[in-house]
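Visitor: Got a structure for you, written out below as structure tokens; questions coming shortly.
The values are calculated or read from the model by the stated rules, or taken from the named source; none is laboratory data. Owing to the predicted nature of the structure, the values given are computational and were not obtained by experimental measurement. Here Cβ is always computed from backbone atoms with ideal geometry, including for glycine, and neighbour counts include all displayed protein chains. The accessibility values were calculated without ligands, DNA or RNA, using every heavy atom of the protein model including side chains. Shrake-Rupley method; radii C 1.70, N 1.55, O 1.52, S 1.80 Å.
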Amino acid sequence: MPEIGEVARIVNYIHKHLVGKTLAKVKAQHDENVYGKVGCSAEAFEKALTGKKVVDAKQQGKYFWMVMSSPPHPLMHFGMAGWLKIRDEETAYYKPAKPVESPDWPPKYWKFALETAEEPKCEAAFVDLRRFARIRLIDCAADQIRNVSPLLENGPDPVIDKGIVTEEWLAEKLGSKRVPVKALLLDQANISGIGNWVGDEIMYDSRIHPEQYSNTLTPAQIKQLHKSIHYVCSFAVDNLADSSKFPEEWLFKHRWGKGKKDSSTTLPNGLKFVFLTVGGRTSCVVPSVQKKTGPVAGDVKNEADTEDADGEKKAKPKGSKKVLNPKEVETDEIEVEPAKKGSKAKKRTLKTKDEEPTVNSHEPNEEASKPAIKKRKSNNKADTNGAMEPKKPSKAKADTNGNHGEPEPEKTERRRSGRVSGKAA
């Protein structure tokens, strides 16, 4: 997923090729996920941008937008695999495995394509293979975009908002929650722009285990974490996510061989790294450096079986089970959206032997949250007054001796759980 540095790279290319130019042609293909889920459409996008001038381009974390000569302004999020391509210029932050000599245009999986009026003409296209990207229009003054949804619900950008992301701010944020520290950083409602690889780099640089609870860090750890956040994020943004310029000792330069045969798990300094899966997310950790100095989340799974603090493998205990706590599962890092009006939220809880079930605050009453009990069919029917009347006996059948119309004698034997209660008269 494109993170804070990769988004800064695209903002740089927009400044280079589109800012100051008029959009003569705007074509968009409607996608119910990319446009529809945020209340936009391809038709509205085309109408809003055609003939407008691109005045500026800005960023907050993983979001970026173009400031147009008049509202509305397009606000975009790459999701998992979105990107902005410029014709005849490579914008990728990685080296393509197989470079294409004469690519088709618009490129495959395009969502919108732009062409400027001024010479030399520039063509740009937004692409997304996996359809997790989001494109919307923000109808407000340009200087108010960060004060409206969805940016309003997102936390400060550690590079743009350095005056907000102070050591004191971070200490208060960490102390107010009891969640794994990396999960707190990935939650875009707390701080914008930090994704999985940036989060791992910050954890390694600060020598903090990613699953240690946020409210257990010492003042010295908080001080170092604050420095690491600004160092890693600023370096990634300043170098436009160009990994060839990243320090050789960074995890980023060595972590991508996971699962490949004969891939190295040792850094240039000789330290070993392992992969942990927590809440469904993969974390790259150097156990000999990132010590557990406090309580950690209980749902940690080591993908290299189990290893001790020095990176040496040890036997996996028999009968060990993975413990899941829904409060400790990592928050989705894609984007923060405000809740829709009138929508009902559903909450799943795990109940232990000593716990009472948690009732969702959105439910009208306690009974509504209880599961329906299937009623057993009864042989008795209720009369009009609510009293129960016995079921009428069916007509007697002829017995083997030729007796007709005579009911069979009532049996007094009744079986309960396979035992006979009562005796025949």
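Visitor: If DNA, RNA and ligands are ignored and the probe is 1.4 Å, what is the ranking of Arg9, Arg130 by accessible area, most exposed first?
Guide: Working: Arg9 30, Arg130 125 Å².
The ordering from most to least exposed comes out as Arg130, Arg9.
Visitor: Please report how far the C-alpha centroid of the range 198-260 lies from that of the range 56-83, rounded to the nearest whole angstrom.
Guide: Comparing the Cα centres of the range 198-260 and the range 56-83, I get a distance of 26 Å.
Visitor: In sequence order, what are the phi-derived ³J(HN,Hα) couplings for the range 103-114 according to the Karplus relation 6.51 cos²θ - 1.76 cosθ + 1.60 with θ = phi - 60°, rounded to whole Hz, with x for glycine and proline?
Guide: For the range 103-114, the Karplus-derived couplings read x, 6, 9, x, x, 4, 6, 6, 10, 8, 9, 10 Hz, x marking Gly and Pro.
Visitor: What FRET efficiency comes out for the pair Lys162/Met1, r = Cβ-Cβ distance, R0 = 22 Å, nearest 0.05?
Guide: Working: r = 24 Å, r/R0 = 1.07.
Rounded to the nearest 0.05, the efficiency is 0.40.
Visitor: Calculate one ³J(HN,Hα) per residue across the range 191-204 by plugging θ = phi - 60° into the Karplus curve 6.51 cos²θ - 1.76 cosθ + 1.60, and present them in order as whole Hz with x for glycine and proline.
Guide: So the Karplus estimates, Gly and Pro as x, are 8, 8, x, 7, x, 5, 6, 5, x, 5, 5, 5, 4, 5 Hz.
Visitor: Along Cα→Cβ, 7 Å out, is where each label goes; now give me the distance between the ones at Arg207 and Ser234 in nm to one decimal.
Guide: Those two pseudo-labels are separated by 2.1 nm.
Visitor: Can you list residues whose amide H is under 5 Å from Val55's amide H, if they're 5+ apart or on another chain and H is modeled 1.01 Å from N?
Guide: So Val55 has HN proximity to Gly20, Val67, Met68, Ser69.
Visitor: A further question on this structure: Please identify which residues in the range 133-174 have an amide N closer than 13 Å to a label point set 7 Å out from the Cα of Asp56, following the Cα→Cβ vector.
Guide: Only 141-147 fall inside the zone, counting backbone N under 13 Å.
Visitor: ³J(HN,Hα) across the range 215-220 via Karplus (A = 6.51, B = -1.76, C = 1.60, θ = phi - 60°), whole Hz, x for Gly/Pro?
Guide: Per residue, the Karplus-derived 3J(HN,Hα) values read 8, 10, 6, 7, x, 5 Hz.
Visitor: Shifting gears a bit: Between Gln224 and Asn33, what length comes free when the chain is fully extended (0.36 nm per residue of separation minus the Cα-Cα distance, one decimal in nm)?
Guide: Details: separation 191, 0.36 × 191 = 68.76 nm, distance 4.01 nm.
Full extension from Gln224 to Asn33 adds 64.7 nm.
Visitor: Hey, another quick one. Using mean Cβ contacts within 10 Å as the protection proxy, how do 116-127, 204-215 order, highest first? Intermediate results must be reported in sequence, preceding the final value.
Guide: Values: 116-127: 15.9, 204-215: 21.8.
Highest-to-lowest ranking by the protection proxy: 204-215, 116-127.
Visitor: Moving on to the next point. At a Förster distance of 22 Å, what's the computed FRET efficiency of Ser263 paired with Glu90, Cβ-Cβ distance as r, to 0.05?
Guide: Numbers: r = 27 Å, r/R0 = 1.22.
Rounded to the nearest 0.05, the efficiency is 0.25.
Visitor: Once ligands and nucleic acids are excluded and a 1.4 Å probe is used, how much of His30 is accessible, expressed in Å² to the nearest 10?
Guide: It works out to around 100 Å².
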